[in-house]
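The values are calculated or read from the model by the stated rules, or taken from the named source; none is laboratory data. Remember, it's a predicted structure, so these values are computed and weren't measured experimentally. Cβ: placed from backbone, ideal geometry, glycine included. Neighbour counts: every protein chain shown. In case anyone asks, the SASA skips ligands and DNA or RNA and just uses the protein heavy atoms, side chains included. Shrake-Rupley method; radii C 1.70, N 1.55, O 1.52, S 1.80 Å.
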Amino acid sequence: MARRAPAQDVDETELKVGSPSRSAAGVKAVAVSMKLAWEQMGVTRTARTLLKLNQVGGFDCQGCAWPDPAPGHRHPAEFCENGAKAVAEEATVRRVGPEFFAEHSMASLKERSDYWLGQQGRITQPMVYREGRSHYEPISWDEAFGLIADELNALDSPDEAIFYTSGKTSNEAAFAYQLFVRAFGTNNLPDCSNMCHESTSVALAESIGIGKGSVHLTDIHKADLIVIAGQNPGTNHPRMLSALEIAKKNGARIIDINPLEEAGLVRFKNPQSVKGVIGGGTGISDLHLPVRVNGDLALYQAIGALLLEWDAIDHEFVEQHTVGFEEWAANARALDWDAVERATGLERGLIEQAARMIADSSATVHCWAMGVTQHRNAVATIKEITNVALIRGDIGKPGAGLCPVRGHSNVQGDRTMGIWERSPDHFLDAIRDEFGFEPPREHGLDVVAAIGALRDGRAKTFFAMGGNFVSAVPDTEVVEAAMAKASLTVHVSTKLNRSHVTHGRTALILPVLGRSEKDHTGGTEQRVTVEDSMSAVHASKGPLKPASPHLRSEVDIVCSMAEATLKGRHGIPWDEFRSDYTNIRHRISRVVPGAAAYAEKVDQPGGFTLPHSPRDTREFPTKEGKAVIVANETDMLHVPQGRLLMQTLRSHDQFNTTIYGLDDRYRGIHHGRRVVFVHPDDIASLGLAEDQYVDLVSEWTDPDDPSAETCYRKAPLFRVVAYDQPRGCAAAYYPETNPLIPLDSKALKSNCPTSKAVIVRLVPTDERPVEGGESAYLTGYGLVNADGTVASDDQKSFVEPEQLS
Ligand SMILES: Nc1nc2c(c(=O)[nH]1)N[C@H]1C(S)=C(S)[C@@H](COP(=O)(O)OP(=O)(O)OC[C@H]3O[C@@H](n4cnc5c(=O)[nH]c(N)nc54)[C@H](O)[C@@H]3O)O[C@H]1N2
Ligand SMILES: Nc1nc2c(c(=O)[nH]1)N[C@H]1C(S)=C(S)[C@@H](COP(=O)(O)OP(=O)(O)OC[C@H]3O[C@@H](n4cnc5c(=O)[nH]c(N)nc54)[C@H](O)[C@@H]3O)O[C@H]1N2
Ligand code: SF4
Ligand SMILES: [Mo]
């Protein structure tokens, strides 16, 4: 049977649909963030906390990875609406203690939505769920570590354990964690990056030799042109709008490439300027390219072909710093413009306008995010973006470069610290030389492969350093089944979420200090460090009293788990690490490339920036010793008649699976989330009506398997909302739509789930949301037959995930 969705305590009968906004931020943003902050934290705590946010000597925002301006250039309120929401979510005065768990059985918690679970407050004590029991019960820290150690040491092989990381974990905790995992004996270190910018890391490593962006914040300010593809900064990186505003004041032009016209890219009303408060704000985008979902590969190829045709090429740069130009040029000359127009949905004239702006620009920054990375062709697309930058010589000069905009606040730092299932040999050699043991060399499991391994019993324990794995990954029904087979699931968490109630035979919740809180581990005041999207590393120290005296820091949890499990094996001084994190920083400086004198450098106000040779000296550490311009085939997803190509995206009131509230103000949605945005003409041509209720049924046939059958998956009851976008496309929120995304549908080379390209049918339904948010209207989600009826367990066997190494 398709699994029942959790009770929607979100009452979708209250859903209101209005018009989308034509500007972002403004005083409304301040009002919304303050209301939420006061509700969660009260007035004094709000003021005390927010004034420390993103300041030297304060703490780093838990929201996105957008960088801070240099010290001396920061505003006293250096945060955005969503930063304030992220802080309020963590610094809330609501609590989830043992009495909460005594009151709510596991069965009743399973019936709750992510929204409800998150709204209950901070978890205050370690909790355990034991097989056959009805409730989570309190457990002591020592007992919890003992339980983990026994379980890990009883495995047939360390590779039967999986150690996930979300992207908030500090550098110190991440370094200690990967060290423990490797000392234990596995490289099974999947992380949220696998679902996020993995395509970027893979493409950039091959093209320029390093999987990170090549700009500083000041390059955005100085750029002549900024191209923003597949990104919604008004919601997901709001302070980027302040940087874009500075760029515009300095004369920059902006192109945005997006199926949707996002409010933040139309106009920005900076609440910190008079013009933003009482004036009209700043116009952001000069040219909007409403690309068809998944059309970016063809678009950048076409831009490249035009630059070549016009000889708008930096020949000197190409000659000195790149290989592959001639092959790429031959491919570009043979470009099929009909295919380009079909794939992009854009007329040639519009593409020429964009290419002309790039040709005329003296320095261009290329930005991109999930609209680019979460596609089957994502790695090729990012290489084409890089090609355009390379042929123009737009890498390694002021005001120009590649700017993948990262998601979680420390996701880039975690990777730098070795949270990577495929860490290169030079990193593992450095671990060996520093710690005197031989780390495993065989690559570990990424997110998609880890789910496969749990599902078919090759993995038995699942440990998560933060995050909400079950809700974040694709194919919800498959991951629920996979988790239920685990013998132990452990979550180091601040707040309750779906992953705590979709558990293994035994389940642990280990409550952790947040970044806004004082960390007195080992009796001294500790700091941690983080790295932003532009490789700037700095310290973070929380101002607040911890939510509970029982909380421990992530570093403490890792070190205690390591002591209990390894029992002195390899002689790593965990106690030294825990008593002073500076001792971890000294190890980081000897192991992590470019981090020499780490402990000293992070003490400088504002920290320091990690080296990046393409950016700093135009040296490209690829196999070829030069940047690689690569030719890629043009491709296009075939969408059968009567289906739409649907992207899954974030509303303005969520941080990934954490739902702050039920409004998506800029898109005109209030008090609800189960909506599907469709072009008005598509609504008509599909024989549907605005405001009608439909089930979403996805269709997927494995393109790599000629004998593959088509699989159908359903997510029930969405309201059809008319919304301007290219014909044939649609959009709906994540994570409600994750049951529709097949586990096997992933980007070539990077394995990133294809969350931005789901082929769906909209099937009218007579069901209606029920007042008060009862679950009765949800008939279930997961695998179904072609006609939308529930699939039998037999039929489900063909969604067996591919066996990856
Ligand atoms: N407030 C808030 N901030 C966040 C997050 C959050 O959930 N809430 N999440 C954080 C994380 S982990 C991440 S990774 C980032 C995500 O930041 P974004 O990448 O901005 O997030 P999405 O909402 O997934 O938006 C993707 C954008 O790509 C567009 N798009 C979709 N498909 C295509 C396509 O095929 N081509 C093009 N060109 N565009 C397309 C969508 O219309 C949308 O504007 O934000 C981080 N910051
Ligand atoms: N369909 C679809 N799916 C997607 C995406 C999409 O665009 N569409 N985006 C993908 C992307 S880009 C990402 S990054 C992933 C996100 O995947 P995750 O990173 O796994 O998910 P989050 O929702 O960010 O995790 C939230 C949980 O983290 C815990 N937490 C919060 N703060 C802390 C802390 O300081 N320490 C610890 N230890 N725990 C903390 C809380 O318990 C909270 O419930 O989702 C991916 N899934
Ligand atoms: S832009 Fe990102 S890092 Fe900056 S305050 Fe907003 S959410 Fe936080
Ligand atoms: Mo992300």
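Name the single residue, out of those in the range 476-513 being part of a strand (DSSP E or B) and β-branched (Val, Ile, Thr), that is farthest from ligand 2 (Cβ to nearest atom).
Kept after step one, since they are part of a strand (DSSP E or B), are these residues of the range 476-513: 488-493, 495, 506-512.
When the remaining residues are screened for being β-branched (Val, Ile, Thr), the result is 489-490, 492, 506, 509, 512.
On the way: Thr489: 13, Val490: 11, Val492: 4, Thr506: 19, Ile509: 9, Val512: 5 Å.
Only one residue fits best here, namely Thr506.
Hey, does the range 252-268 have a residue that's farther than 30 Å from Glu81 by Cβ and within 16 Å of ligand 1 (Cβ to nearest atom)? It would help to see each step written out before you state the result.
Keep residues of the range 252-268 that are farther than 30 Å from Glu81 by Cβ, which gives none.
No, because not a single residue in the range 252-268 is farther than 30 Å from Glu81 by Cβ and within 16 Å of ligand 1 (Cβ to nearest atom).
Residues in the range 239-293 that are touching a Ser or Thr at 6+ places or on another chain (Cβ under 6 Å), part of a strand (DSSP E or B) and within 20 Å of Gly399 (Cα to Cα): 2 in all.
Could you grab me the full set of residues in the range 181-198 that are within 15 Å of ligand 2 (Cβ to nearest atom) and assigned to a helix (DSSP H, G or I)?
Within the range 181-198, Cys192, Ser193, Asn194, Met195, Glu198 qualify.
Counting only residues that are in contact with a strand residue (DSSP E or B) (Cβ under 8 Å, 6 or more places away or on another chain) and either farther than 15 Å from Ala369 by Cα or at pLDDT below 95 (or both), which one in the range 250-260 is most open to solvent (accessible area, probe 1.4 Å)? This residue is Arg253. Restricting the range 641-650 to residues that are more than 8 Å from ligand 1 (Cβ to nearest atom) and part of a loop (DSSP other than H, G, I, E, B), the residue that is nearest to the chain's Cα centre (by Cα) is Arg643. The set of residues in the range 660-704 being open to solvent by 10 Å² or more (accessible area, probe 1.4 Å) and part of a strand (DSSP E or B) consists of His670, Tyr693, Asp695, Glu699, Trp700. I'd like the full set of residues that are under 24 Å from Leu51 (Cβ atoms) and hydrophobic (A, V, I, L, M, F, W, C), limited to the range 535-576. Hits for the range 535-576 are Ala536, Val537, Ala539, Leu544, Ala547, Leu551. Restricting attention to the range 702-734 and to residues that are modelled with pLDDT of 95 or more and out of contact with any strand residue (DSSP E or B) (no Cβ under 8 Å at 6 or more places or on another chain), the residue that is nearest to ligand 2 (Cβ to nearest atom) turns out to be Pro726. May I ask you to verify whether Phe577 is outside any helix (DSSP H, G or I), open to solvent by less than 50 Å² (accessible area, probe 1.4 Å) and modelled with pLDDT of 95 or more? No: the conditions fail for Phe577.
Among residues belonging to the range 191-234 that are open to solvent by 10 Å² or more (accessible area, probe 1.4 Å) and more than 25 Å from Gly393 (Cα to Cα), point out the one that is nearest to ligand 4 (Cβ to nearest atom). The residue in question is Cys196.
Of the residues that sit in the range 531-574 and are open to solvent by 40 Å² or more (accessible area, probe 1.4 Å) and in a loop (DSSP other than H, G, I, E, B), which one is nearest to ligand 2 (Cβ to nearest atom)? Quick ask: steps written out before the conclusion?
Filtering the range 531-574 down to residues open to solvent by 40 Å² or more (accessible area, probe 1.4 Å) leaves 541, 545-546, 549-550, 552, 563, 567-571.
Checking the rest, the ones that are also in a loop (DSSP other than H, G, I, E, B) come to 541, 545-546, 549-550, 567-568.
Details: Lys541: 14, Lys545: 16, Pro546: 12, Pro549: 18, His550: 15, Lys567: 25, Gly568: 26 Å.
Selected residue: Pro546.
Scanning the range 446-469 finds one or more residues that are part of a helix (DSSP H, G or I), open to solvent by less than 40 Å² (accessible area, probe 1.4 Å), of a type in the set (Phe, Trp, Tyr) and within 16 Å of ligand 1 (Cβ to nearest atom).
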